[in-house]
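The values are calculated or read from the model by the stated rules, or taken from the named source; none is laboratory data. In this text, all values refer to a predicted model and were calculated from it rather than measured experimentally. When we count neighbours, we look across all protein chains shown, and the Cβ atoms used for this are built from the backbone with ideal geometry, even at glycine.
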Amino acid sequence: MSKAEIRTPLPGIFYRKPAPDEPRFKNPGDKVAVGDVIGLVEVMKTFTQITSDVEGTVLSFLVEDEEAVMPGQVLVEIET
Amino acid sequence: MKIRKILIANRGEIAVRIIRAARTLGMHAVQAHSSADADSLAVRLADEAVEIGPPPAGKSYLNGQAIIEAALQSGAQAIHPGYGFLAENADFADAVVAAGLIFIGPDGNTIRKMGDKASARQAAADAGVPTVPGSDGVLTDLGRAVDIAHQIGFPVMIKATAGGGGRGIRIAHTAEEFAQLAPQAATEAEAAFGDGGLYLEKLIARSRHIEVQILGDGTRFVHCHERECSLQRRRQKVWEEAPATSLSDETRAELCDAAVALAASVGYRGAGTVEFLYDEASGEFYFIEMNTRIQVEHPVTEAILGVDLVAEMIRIADGEPLSLTQNDLKPQGHAIEIRLNAEDPANNFMPFPGQLGEMNIPAGPGIRFDHMLYPGYLVPPFYDSLLGKLIVHAPDRSQALARLKAALAELQLEGLKTTAPLAAALADDPDVRSGAVHTNWLEPWLDSHAHTLSQQKDDLP
C-alpha cells in the first residue's frame, strides 16, 4: 500500500461536482480507476477535468469544493 | 448632488473606468474587491478599498449582501455595478434601494422587464419596434410549439427566457429535430437558470449585430447612435465599431428612433443598449434584447461623440436631468475597439492567467487603452479573461484601421499570451477591411487561420 497524490496543473477554482445539484465525482473510500474524473478546475470561465493517473481508493480531499487552487497544489490523496 | 462617494461592485478594466468617471465628477471611489484582487489596479487607484470575500465570484462579486454592507460601512451613497456580476440583477437593484442607497442603473422593475427575454420582446413589440418573427411570449405548451415553429419557418432558434449572452440557445432545422430539442432545452434551462421557460425565434442566417446606445432620465430620452459588433466568437464580441458602415442613412435613423421609442415606452433611467439583428439581404432589422447597464464596448460611442457615458449614467442616478439633447450628439469620424483577452488564439483560445513583465502601452492621437494592467501584475485565474480594450478613433474607417495597426504594433505585454495577434490579423483581412462580415463570419475564419496567429513580438526569435 502506498499513497499517490493528484495535483492540479492549473490555477483556478476546484469543483468536486459536475454541476451544483449533482453528486460529487468522488468521495473518500471510493474506488478510482486511471482516467476517472475527480474534479474540475475553472480557469477564466473555462472548465478543465482533473483525472486520476493511478488506480486505487480515495483517502481524502485536501481541497474543499469551490476553493481556490494554485498550480501544483495537491487536490486528493489516493491509496494505491 | 447627493452622491459624494461611490462603491464600485465590479473589477478589472471597468472598475478602473468607473473610478475615473467618479473622479471627474468630484466623487470619491470605494473599490469593493475579492481577496484575489487586493493587488488590482482598481484597488490601487481607488480612494478606499473594502474586501468583500474570497476569490470565487459567487462569494464576493455576486454576494449582494456583502456589497451593500461594504457600501453602508464606507459611507458611500451609491453603488455602481459595472457590467456582468450583479449589473442586471433586479433583486440586487431593489436591495440596494431598500438599504437607502442609490443603484447606478435603472430600477429593479425595468431590469426585470427588460432582462426577461420574452417580456422584453413584448415591450419592444408594444413600442412598435420590429422583433424577430417568433412565438409571442413564453411557450406554454411544448406539444403545440411545433405548430408555431412551422408558422415561423425553419430553421428556428429555441431560446431560454432566463438565458443570455448566447447561453441556452438551440437551433432546430426540421420539425423532427424540434421535437427532440425542445424538451431538452426546457430541462437544461430549468437546471441552469432555475427557469425552464422557452421561446422561439426565426434564425436569420447572415445577420449583422447592430446596437444602439441610449440614455434616459425617465422623462427625456436620446440615442447615442449605433455600434456594429458582428465579429464574434462563441457569441462573445471581439471587435466593435461605431458607426455601422453597412447601414443606409435611412435605416440608421429608423434603428436609432426605434431604440429611443423603446426606452421611452419603459420610462428608462440611465444608460442602456438596444441590440438588433440587421439582415443585410432584406434591409430589415429586428430587436433582440436590451442591456440595462454600461457595455464593454461603450468607448467607441464615446470616441465618436465626445461624451463620457459612465459619468452621464452617474449624473442621472444622482437625480440630475439628462445634460445632452439629441442635437448635441453629432458623430465625428470612425472608432474601432478590440478586446484584449488573456487567451492564446494560436491554441484554441486557452485561458492564460499569468504574470505580466514589462509593458508598453500604445498612445498618441486617437488612441485609448482601457485596461487593468501594471508591470508585475499577476492576472488571477478566477474571473473572465478580459484584460483591456484598445480603442482607436480617426476621421474615417480606413484611417482608424491604420491607427489600430500602429497601436497594436506598439503594444507589448511581456509574459502574457493575449488576443492581440488575432486583432492584428483581422485588421489585415480583406473582408474585415471592406466591412463584408456578419455574426457567423469569424468562427469559420478562425478554423482556417487560427494556427497562423503568431504570438507577440517578444516571443519571436
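Numbers below:
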read-out: Flag if B:Pro353 is under 24 Å from B:Ala261 (Cα atoms) and in the same structural domain as B:Ala402 (by TED's automatic domain parsing); value: no
read-out: One residue from B:Gly105, B:Gly64, B:Gly75, B:Gly82 being touching a helix residue (DSSP H, G or I) at 6+ places or on another chain (Cβ under 8 Å), at pLDDT 95 or above, surrounded by fewer than 23 Cβ atoms within 10 Å (Cβ to Cβ) and of a type outside the set (A, V, I, L, M, F, W, C); value: B:Gly64
read-out: Members of the range A:3-54 that are away from chain B (no Cβ under 14 Å) and of a type in the set (D, E, K, R); value: A:Lys3, A:Glu5, A:Arg7, A:Arg24, A:Lys26, A:Asp30, A:Lys31, A:Asp36, A:Asp53
read-out: Conditions (1) farther than 30 Å from B:Pro106 by Cα; (2) within 14 Å of another protein chain (Cβ to nearest Cβ): number failed by B:Ala363; value: (2)
read-out: Test result for B:Val296, under 28 Å from B:Lys405 (Cβ atoms), away from chain A (no Cβ under 14 Å), assigned to a loop (DSSP other than H, G, I, E, B) and at pLDDT 95 or above; value: yes
read-out: Top-ranked residue in the range A:60-72 [being in a loop (DSSP other than H, G, I, E, B) and modelled with pLDDT under 95; ranked as nearest to the other protein chains (Cβ to nearest Cβ)]; value: A:Glu66
read-out: Which numbered condition B:Arg433 fails, given (1) touching a Ser or Thr at 6+ places or on another chain (Cβ under 9 Å); (2) crowded, with 18+ Cβ neighbours inside 10 Å; value: (2)
read-out: Output for the range B:174-216, where each listed residue is over 23 Å from the mean Cα position of the chain (by Cα), within 14 Å of chain A (Cβ to nearest Cβ) and part of a helix (DSSP H, G or I); value: B:Thr187, B:Glu188, B:Glu190, B:Ala191
read-out: Residue count for the range B:369-383, restricted to those that are more than 14 Å from chain A (Cβ to nearest Cβ) and either aromatic (Phe, Trp, Tyr) or touching a helix residue (DSSP H, G or I) at 6+ places or on another chain (Cβ under 6 Å) (or both); value: 5
read-out: Condition met for A:Arg16 (under 27 Å from B:Leu378 (Cβ atoms) and modelled with pLDDT of 95 or more); value: yes
read-out: Top-ranked residue of the range A:41-54 - restricted to ones that are among the aliphatic types (A, V, I, L, M) and in contact with a Gly (Cβ under 9 Å, 6 or more places away or on another chain), ranked as nearest to B:Gln236 (Cα to Cα); value: A:Met44
read-out: Among (1) touching a Pro at 6+ places or on another chain (Cβ under 9 Å); (2) of a type in the set (Lys, Arg); (3) closer than 28 Å to B:Glu188 by Cβ, the one test that A:Lys26 misses; value: (1)
